[in-house]
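As structure tokens, the structure follows; a few thoughts come after it.
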Amino acid sequence: MYWQSIIIIFSPLVGAITLLLKNKSTNILSSVIANLAIGISMLLSLWLFITYLSEPKVSESYLLYTWYATNGYSFEIGLLIDSLTIIMSFIVTFISFFVHMYSIAYMEGDSSFRRFFIYTNFFTFSMLFIIFSNNFLQLFIGWELVGLSSYLLIGFWYNKASAVNANLKAFVVNRVGDIGLLLGVILVFVTTNSLNYTEFFNKLPLLVDSTINLLGFKIDLLPFTALLLFMGAAAKSAQIPLHFWLPDSMEGPTPISALIHAATMVTAGIFMVARLSPLYDLSGYVLSLILAIGVSTALFMGMVALVQNDIKRIIAYSTISQLGYMTAALGASYYSFAIYHLLTHAFFKALLFLCAGSIILKCHHEQNITKMGGLRKVMPITFVTFFIAGISLMGFPSMSGFFSKDLIIDIFKHNNSLAYYSLILGIFITTLYTCKIFIKVFLGNNQLKVKKRLDLEHNDALIIPLIVLAIPSAFIGWALFDSVLFNNFFQESITDNIRTQQFYILYIKDSVSFLLHSFTSLSFIVLVLGIITSYFLYYKNDDFPKKISKKYPSLHNILLNEYGFTNLSNIVIPSYFKRLANMVWMKSDVNIIDNFFVNGTAKLVAFISLKVRVIQTGYLYHYAFTMIIGLLLFLIIFYNL
């Protein structure tokens, strides 16, 4: 598996470098190089995944390169290959490959076609570099490369002011989280003298009662370390209060939205917490905090989607909400459930974004769903694939999203009523905004007068990814339910194996029983109520939401402004830091550097020069007199010595 893993990681990087050097390559050649590089990684990842499914193996760790070493410690680049690595690699490369294929048609005609594929290949490499890392240093390097890649892709259309503002916001917010991640990594190194995962996990029992002194307060080491690391995860995975960069990331091309929201970047935080599950199992109150953040994000960010009309922003808020479900599972210490929902979510969310891109292209780049309508007959393939992705997102029984989402909800059914009913309410909200898109886009009148083509609705390169991704969106949840979650698949990589097996025995029995039981569950009842409510709200009486917003403008504005986060991120924080920057500039740069050191030195020299210039009279007898006085002083000094 060593060489397969090397090729999986570095094939996209080779593709990016090749495209970078071939600065005069045609669009066809650029797309071939980019897709071939990702395709190789995808096929090898798929092969490794099938191999692990048939026969789970013991985790393997390899050293690639020693960066710096002393007698006490070393900084290394290496590989950790286990079930978590394999499944994440499969998700990233599979989604990335079909997004790349889709992009051939979507980006056709763009003047920066080659640059787009350079960025996407490098983005995929950066994520794989994180996934296969076996130490915190490599994790941090990959983390920053993913941040850089996302910055370049979100601001891909750099002539567009909103895109530049969006990529800057994403970059800055993620740097806030990265401060926590970096401090956590430093704390790991200082306390264990190592950055290797395995060595760190082996030393955890010795650090359970350890404390650190911070500003005179004694703080438990492991929870504090876990909290710092989670700051980085919360920013990358867009959890409250570091979530507000993600909706604005829609300014990038739609394939990038699919890549960021489904396979890369936002999944990095969920992956990292699952990878560090031995630490989080010992983190105490931090798990409760993660649970509270996850449940709050799932509920409240889903509500924000209800007042949006931009198709991509609705799906973006949906991503934040679904990441909240994953985070809630992490907070409950069911790490494999979070990864399982990450798996199913990757396919149906990528499909939703690619369907959105198909709709936007057909509607001449219009993104407001209230201006669309009647596209069911014009776009039959997009209609069917969006329907599959939508009901999977809602968690309709038998669909992939159902198996993963209902599992997470059932965790709290018997021990946490607040979390349980909050996530149940999240199903109702998810159903509302998903049906809203479906009804506004595909049903009703064709307001944009979009004409139906005689052949397929789009190029094959754009349609094939929709059809392919629709299959796992419908079936992968069922296919992997027993084999991945409850067959010791994660026993070498995640610490919740015993908990999941007990949960399976007590509440699940098998996938068929779980499916049949769902039709009598509260989740299904709420989902059906959501569909009925959507029918009356958005189809039968589509003016009703407008009436509600006019009757309760304060509530509408609160949701539209993300509970104040929009105002906070766009106005309050920038103005505060602008004032702070101006103050620092005046105090340090102007007063100290300019006035004291630079101008002050010049003024001092000028002052001395003015004084000295007085004695420069030009008369010879003045200079002779000065020389005589100087000679006398010289003789007196040396005589005394």
Could you compute Rg(Cα) / (2.2 N^0.38 Å) for the range 15-66, with N its residue count? 1.65
Convex hull volume per residue in cubic angstrom - Cα atoms of the range 504-621: 299
Local net charge near Asn27, Cβ-Cβ under 14 Å (Lys/Arg +1, Asp/Glu -1): +2
With an 8 Å cut-off on Cα pairs and a minimum separation of 6 or more residues, tell me the relative contact order of the chain in percent. 12
Whose amide H sits under 5 Å from the amide H of Val450, counting only residues 5 or more places off or on another chain, with H placed in the peptide plane? none
Candidate lysines for bridging to Lys611, where Cα separation is under 28 Å - those fewer than 8 sequence places away on the same chain excluded: Lys603
Label zone at Val512, where the point sits 7 Å out along the Cα-to-Cβ direction: the range 455-482 residues whose backbone N lies under 15 Å: 479, 482
If the chain between Tyr552 and Ala69 were fully stretched, how many nm would it gain, using 0.36 nm times the residue separation less the Cα-Cα distance? 167.5 nm
Please work out which option in (i) 94, 67, 58; (ii) 79, 55, 43; (iii) 114, 61, 55 gives Cα extents along the principal axes in Å calculated from these coordinates, and answer with its label. (iii)
Added length on full extension, which subtracts the Cα-Cα distance from 0.36 nm per residue, Gln616 to Ile179: 151.3 nm
Listed by chain and number, the aspartates and glutamates with an alpha carbon less than 17 angstrom from that of Lys551, same-chain partners under 8 positions apart left out, are Asp542, Asp543
Cα-Cα pairs above 17 Å in the range 207-269: how many percent? 54
Using a 1.4 angstrom probe and counting only protein chains, how large is the accessible area of Asp406 in Å², to 10? 10
Computed label-point distance, nm, for sites Leu214 and Val590 using a 7 Å Cα→Cβ extension: 3.6
Which of the aspartates and glutamates could be linked to Lys218 by a straight reach, that is with a Cα gap under 19 Å, when you skip same-chain ones fewer than 8 residues away? Asp209
Could you list, in their original order, any pairs among Lys236/Lys377; Lys405/Lys449; Lys312/Lys546; Lys312/Lys540; Lys57/Lys509; Lys312/Lys451 whose Cα atoms are separated by more than 31 Å? Lys236/Lys377; Lys405/Lys449
Under a no-solvent Debye model with one identical scatterer per Cα of the range 41-138, what's log10 I(q)/I(0) at q = 0.20, 0.24 Å⁻¹? -0.99, -1.19
Fraction of alpha-carbon pairs in the range 249-331 farther than 18 Å apart, rounded to whole percent, equals 47
Signed unit charges on C-beta, dipole axis of the chain, positive-most listed residue Thr211, Gly357, Ile409: Gly357
The range 267-403 - Kirkwood radius from inverse mean 1/r over Cα pairs (Å): 16.0
Under a 1.4 Å probe, what is the accessible area of the chain per residue, stated in Å²? 44
Which FRET efficiency value, to the nearest 0.05, do you get for Phe544 and Lys160 by plugging their Cβ-Cβ distance into 1/(1 + (r/R0)^6) with R0 = 30 Å? 0.30
Quick one: pull the percent of accessible area on the chain belonging to carbon and sulfur, 1.4 Å probe, ligands and nucleic acids left out. 68
Compute from the Cα atoms of the range 94-140 the Rg and the Dmax, the latter being the longest Cα-Cα distance, and quote both in angstrom. 13.5, 42
Surrounding net charge for Ala170, when Lys and Arg each add one and Asp and Glu each subtract one, Cβ distance under 13 Å: 0
How large is the helix-only mean residue ellipticity at 222 nm for the chain, computed as the sum of -39500 (n - 2.57) over DSSP H runs with n ≥ 4, divided by its residue count, in deg cm²/dmol to the nearest 500? -22500 deg cm²/dmol
Two pseudo-spin positions, 7 Å from Cα along C-beta at Arg579 and at Leu448, lie apart in nanometres by 4.4
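The values are calculated or read from the model by the stated rules, or taken from the named source; none is laboratory data. None of the values given here were measured: they were computed from a predicted structure. When we count neighbours, we look across all protein chains shown, and the Cβ atoms used for this are built from the backbone with ideal geometry, even at glycine. Calculation scope for accessible area: heavy atoms of the full protein, side chains included, ligands and nucleic acids excluded. Shrake-Rupley method; radii C 1.70, N 1.55, O 1.52, S 1.80 Å.
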